[in-house]
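**Student:** Okay, here's the structure, questions in a sec.
The values are calculated or read from the model by the stated rules, or taken from the named source; none is laboratory data. Everything numeric here is computed off the predicted structure, so don't read it as measured data. Neighbour counts are summed over all protein chains in view; Cβ atoms, including those assigned to glycine, are modelled from backbone coordinates with ideal geometry.
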């Protein structure tokens, strides 16, 4: 008897009973204008705009905490349209279109739209307990944060004093940048350059390949390179501790219900990512 399958079966139907019907999420438009360098808009993406009741309430709570910000959700269709419209003359569109996993398309999208428009990006399952504006000053050009997970590759010797958490990865599920900031641009260029090494290769654990090409691994490398080679004051680039100084929400309650319609990539094995 496979108890794991039985457990998943009952978990699915218990959640379906309590979390359905799925709730349709619309955009939140704020008319408040301010003089912050980072534009007052939060970009998010998911394959659709349907969420379980508990997750839906958590998203609305995050939005209410940031009532002064506009929230735009890009579903798969809207995200594809944006990439074609704005990035058709760049190699990154080819990578985006070749990507076999939605999570990779999400990774690419966030850096493209933050470079193109500026603002914040948060994964749809993540959030913050506080206003995003409270995490930085008006003159801040980049808001980043660390994971509690250590990076297996140490930083350059000259970086230890410049990084608040030199041994930790930088996370990509919550970001804030001014328009045309160099960090998202460097991510776009790195992904466009490196993707050829991943084409057609079968990975026993594809999640790790995704992390190294389009997510945490690549981003940690890029941020370290940027900090090593650029001069800026402490207000321009905020290293907002681990999980935004403990104020970040890594996993909203009820967020896994979204995988009823879109399976998680984390459990996949022995596949190619491009």
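**Student:** Output the residue which, of all residues in the range 197-209 that are surrounded by 19 or more Cβ atoms within 10 Å (Cβ to Cβ) and touching a strand residue (DSSP E or B) at 6+ places or on another chain (Cβ under 9 Å), is nearest to residue 144 (Cα to Cα).
**Tutor:** Among them, the one singled out is 209.
**Student:** Return the residues of the range 147-181 that are touching a strand residue (DSSP E or B) at 6+ places or on another chain (Cβ under 9 Å) and outside any loop (DSSP other than H, G, I, E, B); say none if nothing qualifies.
**Tutor:** 147, 148, 149, 150, 168, 169, 170, 174, 175, 176, 177
**Student:** When you go through (1) out of contact with any helix residue (DSSP H, G or I) (no Cβ under 8 Å at 6 or more places or on another chain); (2) more than 15 Å from residue 105 (Cα to Cα); (3) at pLDDT 95 or above; (4) assigned to a helix (DSSP H, G or I) one by one for residue 209, which number turns out not to apply?
**Tutor:** (2)
**Student:** Please tell me if residue 262 is in a loop (DSSP other than H, G, I, E, B), in contact with a helix residue (DSSP H, G or I) (Cβ under 8 Å, 6 or more places away or on another chain) and farther than 25 Å from residue 154 by Cβ.
**Tutor:** Here the answer is yes, as residue 262 does meet what is asked.
**Student:** Can you name every residue in the range 212-227 that is surrounded by fewer than 19 Cβ atoms within 10 Å (Cβ to Cβ) and assigned to a loop (DSSP other than H, G, I, E, B)?
**Tutor:** none
**Student:** Confirm whether residue 271 is buried (at least 17 other Cβ atoms within 10 Å of the Cβ) and either more than 23 Å from residue 148 (Cα to Cα) or modelled with pLDDT of 95 or more (or both).
**Tutor:** Spelling it out, it is not the case that residue 271 is buried (at least 17 other Cβ atoms within 10 Å of the Cβ) and either more than 23 Å from residue 148 (Cα to Cα) or modelled with pLDDT of 95 or more (or both).
**Student:** Give the residue, chosen from 139, 106, 145, 125, that is touching a helix residue (DSSP H, G or I) at 6+ places or on another chain (Cβ under 6 Å) and either under 16 Å from residue 218 (Cα atoms) or touching a residue at least 24 places away in the same chain (Cβ under 8 Å) (or both).
**Tutor:** Step by step, each of 139, 106, 145, 125 is checked, and only 125 is touching a helix residue (DSSP H, G or I) at 6+ places or on another chain (Cβ under 6 Å) and either under 16 Å from residue 218 (Cα atoms) or touching a residue at least 24 places away in the same chain (Cβ under 8 Å) (or both).
**Student:** Oh, and also: Among the residues of the range 1-50 satisfying the criterion of being at pLDDT 90 or above and over 30 Å from residue 181 (Cβ atoms), which is nearest to the chain's Cα centre (by Cα)?
**Tutor:** Among those residues, the one meeting the criterion is 50.
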